[in-house]
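*Asks:* Before we start, here is the structure in question, set down as structure tokens.
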Amino acid sequence: MTLSEFDSFRPSEPARRRQGGKRGTGRRRDNGDGSREMPMVPEPEFTSYYGRPVVKPAPWGDDVAIYLFLGGVAGGSALLGLGGQLTGRPILRRNARLGALTAVSAGAVALVKDLGRPERFLHMLRTFKVTSPMSVGSWILSAFSAGTAVTAVAEIDRMTGSRLPLGPLRKVLHAVEGTAGVEAAVFAGPLAAYTAVLLGDTATPTWNAAHEELPFVFVSSACLASAGLAMVTTPIHETGPARKLAVLGVLGDVAAMKVMEHRMDPVAAEPLHQGKAGTMLKWSERLALAGGLGTLFAGRNRVVAAVSGLALLSASALTRFGVFEAGLASARDPRYTIEPQKNRLAARRAAGVTGDAITTAS
């Protein structure tokens with residue numbers, strides 16, 4: 001008998017059979033989950049309040065992505081400049097030094113544009129905080145730029161036949177040129193890597209999940225970019241160090257990306273394979289392999305070297321932009337914040353850690 005108008009929405013129960021034997025000895029049939037009735041409520045799925053992101057996406061635009069790429073170009077070029085200095089390759093040394101100055105200058109412009117006002121960068125130099133990647137990075141950028149500027153000005157002075165209005169400073173410039181080249185190379189690696197540390201230090205799910213391996217990806221990407229630039233701008237008889245750096249960069253880039261994706265939470269790694277970011281990273285790997293093979297087997301041909309260099313430059317740019325876009329995409333979807341937290345908590349409980357349900361960080 002229907003007791004309410006809502007009972008018509010209730011699914012019918014399976015027919016029950018009375019077991020034979022004495023009263024009270026029969027068994028009731030269930031639905032396999034211990035209940036006599038069919039479930040009325042579906043399994044819960046997480047949704048944030050009004051579908052809003054759990055973490056606030058980083059307020060960074062394409063200017064920051066450009067800075068990430070140009071910082072890698074500058075750092076790797078400074079290393080190649082030192083290589084040309086130590087091995088007696090003047091054209092490679094000159095092109096690498098000028099490339100480093102151009103890249104770091106353009107990167108600084110992009111950074112200041114994102115900050116809004118130039119004095120904001122100067123304000124970051126008022127203190128030095130070891131625990132702040134942005135503070136440390138500001139000092140790394142400043143120190144690197146100083147050494148790079150000295151070496152580049154020395155090269156420009158030679159190119160113009162000592163016509164720069166340097167006066168008595170010319171002797172000082174050329175006296176400290178070698179030391180400045182070494183100083184710039186010392187800060188080249190940190191310049192290429194600190195931006196990865198900066199991204200990983202945020203609460204953005206994909207960046208944070210990749211914080212251990214991302215610096216290796218960025219350093220390898222910097223090798224690709226700087227080697228590619230040198231192969232495009234330098235005659236092949238002086239690009240030996242650049243070709244070696246390119247091959248090492250390809251191996252490091254592909255391996256670091258694979259290891260990073262393998263060690264990340266599968267959910268947090270999804271944005272690296274989906275949408276715009278996934279397309280960019282897929283093409284980055286293809287171009288890196290193509291450029292590496294061209295460098296390895298036909299790098300002594302000028303045309304092939306230039307094409308391979310362009311492929312390596314493009315691969316490096318796509319890596320930086322792809323990782324950047326993947327992080328922003330992961331922050332916009334609350335699923336990439338909540339599900340990795342649940343997975344970490346489940347792993348801790350499976351390991352016997354049950355007394356700290358709040359702390360879920362790995």
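The values are calculated or read from the model by the stated rules, or taken from the named source; none is laboratory data. These figures come from a predicted structure and were not determined experimentally. Quick reminder, even Gly has a Cβ in these numbers, built from the backbone with ideal geometry, and neighbours come from all protein chains shown. Quick note on the areas: whole protein, heavy atoms, side chains included, nothing else; ligands and nucleic acids left out. Shrake-Rupley method; radii C 1.70, N 1.55, O 1.52, S 1.80 Å.
*Asks:* Might you check whether a residue that is of a type outside the set (Lys, Arg), at pLDDT below 95, open to solvent by 20 Å² or more (accessible area, probe 1.4 Å) and in a loop (DSSP other than H, G, I, E, B) occurs anywhere in the stretch 179-199?
*Replies:* no
*Asks:* Scan Leu296, Leu281, Leu313 and give me the residue that is modelled with pLDDT of 95 or more, in a helix (DSSP H, G or I) and more than 23 Å from Asp201 (Cβ to Cβ).
*Replies:* Of Leu296, Leu281, Leu313, the one residue that is modelled with pLDDT of 95 or more, in a helix (DSSP H, G or I) and more than 23 Å from Asp201 (Cβ to Cβ) is Leu313.
*Asks:* Separate question: Select from the stretch 200-229 the residues that are under 11 Å from the mean Cα position of the chain (by Cα) and open to solvent by less than 10 Å² (accessible area, probe 1.4 Å) and write down the one among them that is farthest from Glu270 (Cα to Cα).
*Replies:* Among residues in the stretch 200-229 that are under 11 Å from the mean Cα position of the chain (by Cα) and open to solvent by less than 10 Å² (accessible area, probe 1.4 Å), the one farthest from Glu270 (Cα to Cα) is Ser221.
*Asks:* Next up: For Val232, are the conditions met, namely being open to solvent by 20 Å² or more (accessible area, probe 1.4 Å) and part of a helix (DSSP H, G or I)?
*Replies:* Judged against the criteria, Val232 is a match.
*Asks:* Kindly establish whether Glu339 is on the phi < 0 side of the Ramachandran plot and at pLDDT 95 or above.
*Replies:* No; evaluated as a whole, the condition is false for this residue.
*Asks:* Ala329: more than 26 Å from Leu245 (Cα to Cα) and part of a helix (DSSP H, G or I), yes or no?
*Replies:* Taking the combined requirement at face value, the residue satisfies it.
*Asks:* A follow-up question, please. For Asp157, all conditions in the list (1) free of Cβ contacts under 8 Å to residues at least 24 places away in the same chain; (2) open to solvent by 20 Å² or more (accessible area, probe 1.4 Å) hold save one; what is the number of the exception?
*Replies:* Here Asp157 clears every test but (2).
*Asks:* Still on this structure, I have one more. Restricting attention to the stretch 116-143, which residues are exposed (fewer than 15 other Cβ atoms within 10 Å of the Cβ) and part of a helix (DSSP H, G or I)?
*Replies:* Across the stretch 116-143, the qualifying residues are Pro118, Glu119, Arg120, Leu122, His123, Met134.
*Asks:* Further question: Is there any pair with a first residue in the stretch 118-146 that is closer than 24 Å to Ala78 by Cα and in contact (Cβ under 8 Å) with a residue 40 or more places away in the chain and a second that is open to solvent by less than 40 Å² (accessible area, probe 1.4 Å) and outside any helix (DSSP H, G or I) whose Cβ atoms are under 7 Å apart and which are 6 or more apart or on different chains, and what are they?
*Replies:* none
*Asks:* Suppose we filter Leu166, Leu173 for residues that are over 28 Å from Asp265 (Cβ atoms), touching a Leu at 6+ places or on another chain (Cβ under 9 Å) and not in a helix (DSSP H, G or I); which single one remains?
*Replies:* Answer to the check: Leu166.
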